[in-house]
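The values are calculated or read from the model by the stated rules, or taken from the named source; none is laboratory data. These numbers were taken from a predicted model, which means no experiment stands behind them. Counting neighbours? That spans all protein chains shown, and the Cβs are built from the backbone with ideal geometry, glycine included. Protein only, heavy atoms only, side chains kept; ligands, DNA and RNA dropped before computing areas. Shrake-Rupley method; radii C 1.70, N 1.55, O 1.52, S 1.80 Å.
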Amino acid sequence: MQQPFIKNYEFETGVYRPPSEGGSASLLVRLTRNCPWNHCTFCAMYKKEKFELRSPEDIIRDINVMHDISSQLKEISIQQGQKGALSNKTFEEFLKKSPDLYFHPGISMLLNWLAVGGKTVFLQDADSLIMKTDHIIQVLKHLKTTFPTIERITSYGRSRTIVRKPGVDLEKIRKAGLDRLHIGLETGDAALLKKIKKGATPEDHVKGGIKAITAGFQVSEYWMPGLGGKTMSRDHAKNTARVLNQINPHYIRSRPFTPRPGTIFFENISENQLERMTPREQLLEIKQTLEGLDVSSRVCFDHAGNFWTDSNGRLLLSQGYEGYQFPEEKQNLLELLEKGILYCS
Ligand code: SF4
């Protein structure tokens, strides 16, 4: 007899995840809602949203629903003579029987994830480590037991939250299965951090980054070229390199600054309080930052904001998730930037 379909397919999916967790088709599991800090003046992500912790029970229910969907898909696949392999035919049949899911914000993410083997997971939203340690561990263990195909789990984490969390807790969370932390450094310049209301000092960034690495996490630090405008550009470059050198993270990822409507920064630009940098000036700043780096990190430009092109109209910098290995590829990258600067107006 055909197994009845489960009626309640509700599970929560947030909006944001790093680009490197999209291209590798990560499962999005929502641990908290929005950002517990929410003051950064350049950020528009969760501005009108209230931060909320979710209970481990609710998160585990989401994981179970996603697992039920996966089981139903396998069942359909077997009925279709495909021996459990997932194809568009399987998904079409499944959605025909569960039409409400057509409108679910997370369904294509889930189907895509299952189709590529269910290997990587991203925990949403902005700062999962703010949860109680026991709760994160409970969720991580359940996730890994429910989907044994999982090979990597990552999350965003704020430097201040990492600084506050006991090292022994971080180690426990790491051992329970969280592999990588994506941290928003933005800049290593104290004055600029204060100006953008990051809620972290350069010392917090260094302490948090080193603490995360010591606990066994892979650390991915995001920096924002152009954030200080023309006036603060030199200090931004110099101090960002200095702080990154002290952390020596596994990844350094460039997210060029773009003023977004609805942010304080955007309003400042409208009032001409910030001189916007030209594409050439932005490249110069990136070059200055990279010149100051003495790290063994992978330096990545895996975001559409790294838009510069060469004289043939091709992207100047690789947007691959693994980027350029330092120090081996540093010189080549600097030469590439030099060419871009000459070509850029
Ligand atoms: S901590 Fe991150 S998500 Fe929160 S306001 Fe700052 S940039 Fe935005």
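Put simply, of 78, 153 the only residue that is of a type in the set (A, V, I, L, M, F, W, C) and over 25 Å from residue 212 (Cβ atoms) is 78.
Could you grab me the full set of residues in region 214-225 that are farther than 11 Å from residue 180 by Cβ and not hydroxyl-bearing (Ser, Thr, Tyr)?
Filtering region 214-225 for residues farther than 11 Å from residue 180 by Cβ gives 214-215, 221-225.
Residues satisfying the conditions are 215, 221, 223, 224, 225.
Would you check if residue 91 is more than 16 Å from the ligand (Cβ to nearest atom) and buried (at least 17 other Cβ atoms within 10 Å of the Cβ)? It would help to see each step written out before you state the result.
Numbers: more than 16 Å from the ligand (Cβ to nearest atom): yes; buried (at least 17 other Cβ atoms within 10 Å of the Cβ): yes.
Yes; evaluated as a whole, the condition is true for this residue.
Taking first residues from region 190-216 that are under 28 Å from residue 168 (Cα atoms) and of a type in the set (Val, Ile, Thr) and partners that are within 12 Å of the ligand (Cβ to nearest atom) and part of a helix (DSSP H, G or I), the Cβ contacts under 7 Å between residues at least 6 apart in sequence or on separate chains come to 201/193. Residues that are within 15 Å of the ligand (Cβ to nearest atom) and modelled with pLDDT of 95 or more were ranked within region 210-241; the one that is nearest to residue 152 (Cα to Cα) is 220. If you go through region 127-170 and pick out every residue that is under 19 Å from the mean Cα position of the chain (by Cα), more than 16 Å from the ligand (Cβ to nearest atom) and open to solvent by 20 Å² or more (accessible area, probe 1.4 Å), you end up with 2.
One line per residue, one yes/no per condition, for (1) surrounded by 16 or more Cβ atoms within 10 Å (Cβ to Cβ); (2) within 16 Å of the ligand (Cβ to nearest atom); (3) modelled with pLDDT of 95 or more:
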position: 4; (1), (2), (3): no, no, no
position: 12; (1), (2), (3): yes, no, no
position: 15; (1), (2), (3): no, yes, no
position: 29; (1), (2), (3): yes, no, yes
position: 33; (1), (2), (3): yes, yes, yes
position: 54; (1), (2), (3): yes, no, yes
position: 73; (1), (2), (3): yes, no, no
